[in-house]
1. Any idea how many residues of the stretch 117-141 are in contact with a strand residue (DSSP E or B) (Cβ under 8 Å, 6 or more places away or on another chain) and surrounded by fewer than 17 Cβ atoms within 10 Å (Cβ to Cβ)?
2. Only one of (1) in a helix (DSSP H, G or I); (2) charged (D, E, K, R); (3) more than 16 Å from GLU35 (Cβ to Cβ) is not met by ASP132, so which one is it?
3. Quick check on my filter: what residues within the stretch 35-59 are free of Cβ contacts under 8 Å to residues at least 40 places away in the same chain and either in a loop (DSSP other than H, G, I, E, B) or of a type in the set (Lys, Arg) (or both)?
4. Go through the stretch 135-150 residue by residue and tally those that are part of a helix (DSSP H, G or I) and within 17 Å of the chain's Cα centre (by Cα).
5. Of the residues VAL93, VAL71, which is of a type in the set (Val, Ile, Thr), buried (at least 18 other Cβ atoms within 10 Å of the Cβ) and out of contact with any His (no Cβ under 7 Å at 6 or more places or on another chain)?
6. State the number of residues belonging to the stretch 1-14 that are assigned to a helix (DSSP H, G or I), among the hydrophobic types (A, V, I, L, M, F, W, C) and either more than 19 Å from HIS103 (Cβ to Cβ) or under 15 Å from the mean Cα position of the chain (by Cα) (or both).
7. Find the residue count for the stretch 87-102, including only residues that are in contact (Cβ under 8 Å) with a residue 60 or more places away in the chain and either hydroxyl-bearing (Ser, Thr, Tyr) or over 19 Å from GLU68 (Cβ atoms) (or both).
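We did not get these values from a lab; they are worked out from the coordinates using the rules stated. Computed from a predicted structure; not experimentally measured. Note that each Cβ is placed from the backbone with ideal geometry, even for glycine, and that neighbours are counted across all protein chains shown.
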Amino acid sequence: MTDLELEFEHIYIEARAERWPLIERFLFSYFCMREGYLSKQGKPDWELARSNTIHSKSVTHLKCSELEPLVPLTVIIGEIKRYQRDGRLTPSVLQRILNSLLHYAVISKDEKSALRKAGLLNTMPADWYQSDAKDLYSRFLKVGIQLLPS
């Protein structure tokens, strides 16, 4: 079993047991392993993730930036909860949720503050929840954060 598969199993086991607060701790590790942002020892590497994910136009120095999930982790966990509650959470469904929603971007501290002021730090815009498209960038667009590929 690879480290990525092990992290996935942790998330799946916690979801099946409905231990929701424990899931968040595995999400960043899973993301780093999925994307290959690992140290020489094979551990998740924040700095490697920060230097290789998409960046906001306003980020000039990585030291003055934040690594922020495109979709808040609480929203991702909420999606997992919904499928678990409906009895439809399978490994393939969980895989689809994580692959489609679990992505990060580097934004400035001012942009993070703008998300907080707009009430979008831990939630997506209201129209996102009813949308079939589920635009990952919608909360960033609401506060004018423009992203560039890394």
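1. Here the count works out to 1.
2. All conditions are met except number (1).
3. Within the stretch 35-59, GLY36, TYR37, SER39, LYS40, GLN41, GLY42, LYS43, ASP45 qualify.
4. Matching residues across the stretch 135-150 total 4.
5. Sole residue among the options that is of a type in the set (Val, Ile, Thr), buried (at least 18 other Cβ atoms within 10 Å of the Cβ) and out of contact with any His (no Cβ under 7 Å at 6 or more places or on another chain): VAL71.
6. Count: 4.
7. Total satisfying the criteria: 4.
Table: residues versus (1) surrounded by fewer than 17 Cβ atoms within 10 Å (Cβ to Cβ); (2) among the aliphatic types (A, V, I, L, M).
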residue: PHE28; (1), (2): no, no
residue: GLN41; (1), (2): yes, no
residue: TRP46; (1), (2): yes, no
residue: ALA49; (1), (2): no, yes
residue: ASN52; (1), (2): yes, no
residue: VAL59; (1), (2): no, yes
